[in-house]
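Colleague: I'd like to ask you about the structure that follows.
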Amino acid sequence: MKRVVVLTGAGISAESGISTFRDSGGLWEQYRIEDVASPEGWIRDPRLVTDFYNQRRKQLLEVSPNYGHKGLVELEKYFDVHIITQNVDNLHERAGSKNIIHLHGELTKVRSERFDNLVYELTPDKYEVKIGDKCERGYQLRPHIVWFGEAVPMLGEAIKLTETADIFVVIGTSLNVYPAASLVHYVPEGKPIYIIDPNSIAINNNNWHYIKKVASEGVKELMKIITSTTQ
Ligand code: APR
């Protein structure tokens, strides 16, 4: 089976009701990154940060995967599909995808402020974390999220996976944030890259095929194209 590697961003969850970051009305219009998504913000006001992620976890309980997520599961009938997501929501998991790398962490997990390896899964009935909730070694629990300025532990694995792609797909990301955006440069020479995004993306390579549609429609079109061209 040929391998399809998919890089997803906030846009794939937009139709599920989760706002993106940089579209108009996006999350970074409502909050300052330095206040809620940086180590400095956490040190300055851990309560504000804890509440910000509690609200995003609460929203997770009210949304569900759209066909953008589900179509990638459908694709597994024809290809060996691996997902590298910048998203911290669990919609790929809930759609049924198995091979997922979360580059920027996971909303449904928290970890010890002091010991990165002490990671805890939150359940829907206990999704809220408070200041004073501690890990087993007595340190405050923080979101298991990669904040701006922090290392991206899964990057090496994501690069290695990208280097094995027969087809690379980019869905719903402005490719604004590095190192995630640099993955497109690790796609093997000559392998096709499909971009699914309703807004215009600067295409700078004739191996890039642009599907100017929302994720749910774009994934349907992608399926038609790649199942007919690669048997
Ligand atoms: N379907 C597909 N794409 C969409 C849709 C949709 N329905 N709606 C919007 N988009 C596209 C936008 O055109 C844009 O290109 O999704 C992209 C969203 O871009 P961003 O808001 O920048 O989100 P993303 O690229 O995921 O941000 C990357 O930045 O803030 C950090 O850690 C955060 O993981 C995030 C990273």
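The values are calculated or read from the model by the stated rules, or taken from the named source; none is laboratory data. These numbers were taken from a predicted model, which means no experiment stands behind them. Glycine also receives a Cβ, built like all others from the backbone with ideal geometry; neighbour counts cover every protein chain displayed. SASA here: full protein model, heavy atoms, side chains in, ligands and nucleic acids out. Shrake-Rupley method; radii C 1.70, N 1.55, O 1.52, S 1.80 Å.
Colleague: For region 1-43, what is the charge dipole size about the Cα centre, in debye to the nearest 20, if Lys and Arg each add +1 at the Cβ and Asp and Glu each add -1 at the Cβ? Present the calculation step by step, with values, prior to reporting the outcome.
Modeller: Working: 4 positive and 6 negative charges, 83 e Å.
I would put it at about 400 debye.
Colleague: Something else: Suppose we keep just the alpha-carbon trace of region 131-204; what are its Rg and Dmax in angstrom?
Modeller: Calculated on Cα positions, Rg and Dmax stand at 17.1, 53 Å.
Colleague: From the backbone phi of region 134-143, what are the Karplus-calculated ³J(HN,Hα) couplings (6.51 cos²θ - 1.76 cosθ + 1.60, θ = phi - 60°) in whole Hz, Gly and Pro given as x?
Modeller: For region 134-143, the Karplus-derived couplings read 10, 6, 5, 10, x, 10, 4, 7, 10, x Hz, x marking Gly and Pro.
Colleague: Reported to two decimal places, what Rg/Rh ratio describes the chain when computed on Cα atoms with Rh from the Kirkwood expression? Spell out each step's value before the answer.
Modeller: Values: Rg = 17.9 Å, Rh = 18.4 Å.
Taking Rh as the inverse mean 1/r over Cα pairs, Rg/Rh reads 0.98.
Colleague: Let me ask something else about it. Mind putting a number on the dipole of region 153-231 about its Cα centre? Charges go on the C-beta only, +1 for Lys and Arg and -1 for Asp and Glu, and I need it in Debye to the nearest 20. Mind dumping the intermediate values first?
Modeller: Working: 6 positive and 7 negative charges, 39 e Å.
It works out to roughly 180 debye.
Colleague: Then there is this: When only the heavy atoms of the protein chains count and the probe is 1.4 Å, how do Phe168, Phe148 rank by accessible area, highest first?
Modeller: Working: Phe168 0, Phe148 85 Å².
Descending accessible area places them as Phe148, Phe168.
Colleague: Here is a further query. For the pairs Lys58/Lys98; Lys58/Lys134; Lys2/Lys109, flag any whose C-alpha to C-alpha distance is greater than 22 Å. All intermediate terms of the calculation are to be shown ahead of the outcome.
Modeller: On the way: Lys58/Lys98 24 Å; Lys58/Lys134 20 Å; Lys2/Lys109 32 Å.
Cα-Cα > 22 Å for Lys58/Lys98; Lys2/Lys109; rest within.
Colleague: Taking amide hydrogens as modeled 1.01 Å from N in the peptide plane, which residues meet the under 5 Å criterion relative to Val81, leaving out close sequence neighbours?
Modeller: Here the answer is Val4, since their amide H atoms fall under 5 Å of that of Val81.
Colleague: Taking a probe of 1.4 Å, how large is the accessible area per residue of region 64-126, in Å²?
Modeller: Numbers: 2770 Å² over 63 residues.
Spelled out: the 1.4 Å probe surface of region 64-126, per residue, equals 44 Å².
Colleague: Can you give the helix-only mean residue ellipticity at 222 nm for the chain, where every DSSP H stretch with n ≥ 4 adds -39500 (n - 2.57) and the sum goes over all residues, rounded to the nearest 500 deg cm²/dmol?
Modeller: After summing the helix terms and dividing by the residues of the chain, the value is -8000 deg cm²/dmol.
Colleague: Put +1 on the Cβ of each Lys and Arg and -1 on the Cβ of each Asp and Glu in region 147-231; which of Ala158, Asn199, Leu183 then has its Cα farthest toward the positive end of the dipole?
Modeller: It is Asn199, whose Cα lies furthest towards the positive end.
Colleague: Counting only DSSP beta bridges with both residues in the chain, what percent are antiparallel, rounded to the nearest 5? List each step's numbers first, then the result.
Modeller: Values: 9 of 31 bridges.
Antiparallel bridges: around 30 percent, rounded to the nearest 5.
Colleague: Shifting gears a bit: Please check the chain for the longest run free of GluC sites (Glu not before Pro) that are loop-located per DSSP (anything but H, G, I, E, B) and have at most 16 other Cβ atoms within 10 Å. Intermediate values should be presented prior to the final figure.
Modeller: Details: sites that count: Glu62, Glu113, Glu128, Glu136, Glu150, Glu163, Glu189.
Excluding the exposed sites themselves, the longest stretch runs over 1-61.
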